[in-house]
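A short worksheet on the structure shown next.
The values are calculated or read from the model by the stated rules, or taken from the named source; none is laboratory data. These figures come from a predicted structure and were not determined experimentally. Using ideal geometry, Cβ is built from the backbone for each residue, glycine included, and neighbour counts are taken over all protein chains shown. All accessible areas refer to the heavy atoms of the entire protein, side chains included, with ligands and DNA or RNA removed. Shrake-Rupley method; radii C 1.70, N 1.55, O 1.52, S 1.80 Å.
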Amino acid sequence: MTMRAIGFLLCGMLATTAAMAADVTVVTAAKVHTMDAARPHAQAFAFDDRGAIVAVGNRDDLLSRYPDATRIDAGDATVVPGLIDAHGHVSGLGLALLQVDLVGTRSREEVLQRLRDFARELPEGAWLVGRGWDQNDWPEQRFPTAVDLDAAFPDRPVWLSRIDGHAGWANSAAMRAVERDLSGDWQPDGGKILRDEAGKPTGVFVDAAMAMLDAAVPALDEATLTRALELGMQAAVEHGLTGVHDAGVSLAELRRYQALADRGAMPLRIHAMADGDGKALAWLCDSGLYRHPSGRLQMRAVKLYIDGALGSRGAALIADYSDDPGNRGLLMAEPAAFASIVDKAKQCGVQVGTHAIGDNGNRIVLDTYAAALGNAGADRRWRIEHAQVLAPDDLPRLAALGVIASMQPTHATSDMPWAEERLGPERIVGSYAWRQLRDSGARLALGSDFPVESVDPRLGLYSATTRADAEGLPAGGWRPEELLTSFEALRGFTLDAAYAGFAEKEIGSLEVGKRADFVVLGQDPLAIPPAQLRSLEVRATYVDGQPVFAKP
Ligand SMILES: [Zn+2]
């Protein structure tokens, strides 16, 4: 052993001794909801200098056990485990923060106003890209057209994706930039170009048809893409999130995350799901499941798609849409092709999470999973992302297969004004069916699907427990038989989300041996009426015992 090595060893021993005496932090609060069934309530917990929880319990006991500890006195606050969003899109959120935000626009005129304001800052000829419009929020409730944009923007290309990301609205300048000739009556596989009676594209492109416009937008540079990840993660921790399952990460994007993790610039934990049957999945199959040494980044899952979304009638239904006879939606993948990707993921030990909205989409996914999993489904933790509309017979199949329902409470409250028109009174019974799924024994991992919905998990807790809009309507909640309790909703955003990311031994609850990921809240989410959950005060967010956000 060299002198240098001995020096290190001595330093290490001294550091360990010091850690026992002083490098412990004790957190005290009015209440600590641990989400640990063995000890659900406490007033204090302690963690070491590496961010590992070493004790949970009574305030006086912990303060006398660690007299020299650093203290975080949260006063009258309530502490809960760090919240985990089980389905979001970090770069999408970051890029949305770099684009025109059309969420909440009440008319086409309001859209135009926001576009004009934003365009003032743009160089001449640069694409004006935005997202978040929803024609269901406008007086006329019909799809917009290119003509609506052309007078204000005759030369500048404009490309605006719908709130659900499953349709886009282009002006004529943007359509001129598309490489392929859009005239004629052809349609792309898995998508739709809306055309007028003369066959001319109206400007709206659904699902796979959007790719032609996306391809025409000039590429973003690396620095902007990394900036988007930073902005997205920062927005997440400001809302009390300590983890996100990023549903669709390319290999290039994983490299960006890795570079951030290498320089200690990840404020929270990312469970990255590879983006379909692409380079990232191939890399996982070649090199094995991936985890960064910091514990802030892992990739061991793949995100697949079976169908589209309900808002744009792209969700695959077993029978016709109730408000569009003859239309049963779109499959994004042929069942046989889907099954072969699922088999590939299984061979590689990769977790599968598949976007399925319609009852046909969900049934194909369940049939495919059942065939691939056989009887050993439980520990693979495969997931259905959204699981929005299920045939009643299919509801118990998730629990039977050990398949996780990865659901977004705010989708229900966003869709409730029109969902029954699309689905009719019978199919609505198996839709947004959190209570039926949970009671059947399925695990609910909750999330937001940001930036489709807000990144703010308080809105998810509120929607889950009220099934009401921001004004509290309808009174008593929409189809209140599916309501969750505050505890169940919190569990879906903590321990069960952790489980869905293979991380329940490290995070998701506050117990000895786990990481000190926690949120300091101004009110007790389990004591206040659910109607107040959307205005919970997030005072601070900690990951590995380090503050990553503190309210100014
Ligand atoms: Zn999503």
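Structure values in brief
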| item | result |
| --- | --- |
| Of all DSSP beta bridges in the chain, antiparallel share, percent nearest 5 | 45 |
| Farthest positive-ward along the chain dipole, Cα basis, beta-carbon charges - from S183, I528, V237 | V237 |
| Per residue convex hull volume, Cα atoms of segment 233-273, in Å³ | 61 |
| Computed helical MRE - 222 nm, the chain, DSSP H runs ≥ 4 contributing -39500 (n - 2.57), nearest 500 | -9000 deg cm²/dmol |
| Hull volume in cubic angstrom per residue (convex hull over the Cα atoms of segment 65-200) | 218 |
| Rounded Å value of the spacing that divides the Cα centres of segment 102-148 and segment 290-309 | 32 |
| Folded to 0 to 90 degrees: helix 251-262 orientation relative to the chain principal axis, Cα | 30 |
| Charge dipole magnitude, Cβ of K and R +1, D and E -1 - segment 99-208, Cα centre, debye nearest 20 | 80 |
| Formal net charge of residues neighbouring S183 (Cβ-Cβ distance under 13 Å; K, R +1; D, E -1) | +1 |
| Cα Rg, Dmax, segment 251-298, angstrom units | 10.6, 30 |
| For M266, solvent-accessible area (1.4 Å; no DNA, RNA or ligand), Å² | 10 |
| Kirkwood Rh in Å, taken over all unlike Cα pairs in segment 313-447 | 15.0 |
| Surface per residue (accessible, 1.4 Å probe) for the chain, Å² | 41 |
| Folded to 0 to 90 degrees: helix 222-238 orientation relative to the chain principal axis, Cα | 60 |
| Charge dipole (the chain, unit charges on Cβ, about Cα centre) - positive-most of A301, P139, S312 | A301 |
| Summed residue charge, Cβ within 15 Å of E140's Cβ, Lys/Arg positive, Asp/Glu negative | -2 |
| All-pairs alpha carbon distance profile, segment 166-229, 5 Å steps from 0, percent | 4, 17, 27, 22, 12, 9, 6, 3, 1 |
| Cut-off 13 Å between beta-carbons: net charge of the residues surrounding V302, Lys and Arg +1, Asp and Glu -1 | +3 |
| Sequence ranges 187-200, 345-358, ranked by mean other-Cβ count within 10 angstrom, highest first | 345-358, 187-200 |
| For K31, solvent-accessible area (1.4 Å; no DNA, RNA or ligand), Å² | 90 |
| Cα-based helix-to-principal-axis angle, 457-466 vs the chain, degrees rounded to 10 | 80 |
| Rel. contact order, % - alpha carbon contacts under 8 angstrom, at least six apart, the chain | 16 |
| Simple Cβ-charge dipole of the chain, Lys/Arg +1 and Asp/Glu -1, about Cα centre, in debye nearest 20 | 1380 |
| The chain pair-distance distribution - Cα-Cα, 20 Å bins, rounded % | 21, 53, 23, 3, 0 |
| Assigned charges on the beta-carbon of Lys, Arg, Asp, Glu; segment 385-541 dipole about Cα centre (debye) | 340 |
| Top positive-direction residue, dipole computed over the chain with Cβ charges, set A336, A46, A282 | A46 |
